[in-house]
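The values are calculated or read from the model by the stated rules, or taken from the named source; none is laboratory data. Remember, it's a predicted structure, so these values are computed and weren't measured experimentally. Using ideal geometry, Cβ is built from the backbone for each residue, glycine included, and neighbour counts are taken over all protein chains shown. Heads up: the accessible areas ignore ligands, DNA and RNA and are worked out on the full protein's heavy atoms, side chains in. Shrake-Rupley method; radii C 1.70, N 1.55, O 1.52, S 1.80 Å.
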Amino acid sequence: KGKASETFGTSVPVYFHVVTDGTIGALTNGQIAAQMRVLNTTFAGGEGGADTGFSFTLAGVTRTDNADWFYANPGGVHENTMKRTLHQGGSNALNLYSTTAGDYLGWAYLPSIVTKPGQAHLDGVVIDWESIPGTSDRYEDRFDEGKTATHEVGHWLNLEHTFYGGCSAKGDFVDDTPAQKVPTSGCPEGKDTCSAPGLDPIHNYMDYSDDPCYSEFTPGQSQRMGDAWLFYRS
């Protein structure tokens, strides 16, 4: 804790793995670039939150037609095979997989995964390809601005959900995110589910709000991500 300085900054190489079922999910280079811009904007405080010091550079793109991988859920043979086959780089590299994300909008593992024997290949982020800007109207006005990736990369950098731990004192282990009992749906201004000071942080990227509602990481979250980078990833 507290190891990342106020001047912390690092560029994260991103290996973008586009997995498809035939032509379904086939991202264009422009759509990949749009997702990269969202990551760089949100982690730089471009929507009003803290500048975390993280930037992201596209290091490579793979394209694989594999229906089993495309529809895979977390755990099981298909996720493991996909990641063992496609994963590139070391613990400092972000492997971003574009699939249906199974039954989810996305998933990620906390960075401690890289220290677990035989599991380092699982490190990375999986997102629903239709959450990427310009791909589909399936999630229109809800989850179509590319911020699912922002949320999942937050996990990749050791952030819990803002509602993690509910109203308990430790909560999400970040002091400047107000206590929150339940996840948010939509963008309900004034939502307040805990008696502790502060409204629920519905605009925080680590809640479950709609993309247009999201606008920030806090300085405390920025510190936690920087500390985690130095401990697990650098």
Of all residues in the stretch 182-232 being under 17 Å from Gly53 (Cα atoms), touching a helix residue (DSSP H, G or I) at 6+ places or on another chain (Cβ under 6 Å) and outside any loop (DSSP other than H, G, I, E, B), which is most open to solvent (accessible area, probe 1.4 Å)?
-> Tyr232
Scanning the stretch 142-167 residue by residue, the ones that are open to solvent by 10 Å² or more (accessible area, probe 1.4 Å) and either in a loop (DSSP other than H, G, I, E, B) or without any contact (Cβ under 8 Å) to a residue 24 or more places away in the chain (or both) total 12
Only listed residue being loosely packed, with under 14 Cβ neighbours inside 10 Å and under 23 Å from Met225 (Cα atoms), chosen from Thr115, Thr52, Thr23 | Thr115
Subset of the stretch 65-114, residues among the polar types (S, T, N, Q) and under 28 Å from Asp207 (Cβ atoms), comes to Asn73, Ser91, Asn92, Asn95, Ser98, Thr99, Thr100, Ser112
Just to be sure, is Thr57 over 26 Å from Gly102 (Cβ atoms), open to solvent by 60 Å² or more (accessible area, probe 1.4 Å) and under 18 Å from the mean Cα position of the chain (by Cα)?
-> yes
Test each condition in (1) part of a loop (DSSP other than H, G, I, E, B); (2) under 28 Å from Arg224 (Cβ atoms) for Thr135 and report the one that comes out false.
-> (2)
Output yes when any residue across the stretch 81-88 is loosely packed, with under 14 Cβ neighbours inside 10 Å and either under 16 Å from the mean Cα position of the chain (by Cα) or assigned to a helix (DSSP H, G or I) (or both), and no when none is.
-> yes
Pro201 is checked against (1) without any contact (Cβ under 8 Å) to a residue 40 or more places away in the chain; (2) within 26 Å of Asp68 (Cβ to Cβ) and fails just one. What number does that condition carry?
-> (2)
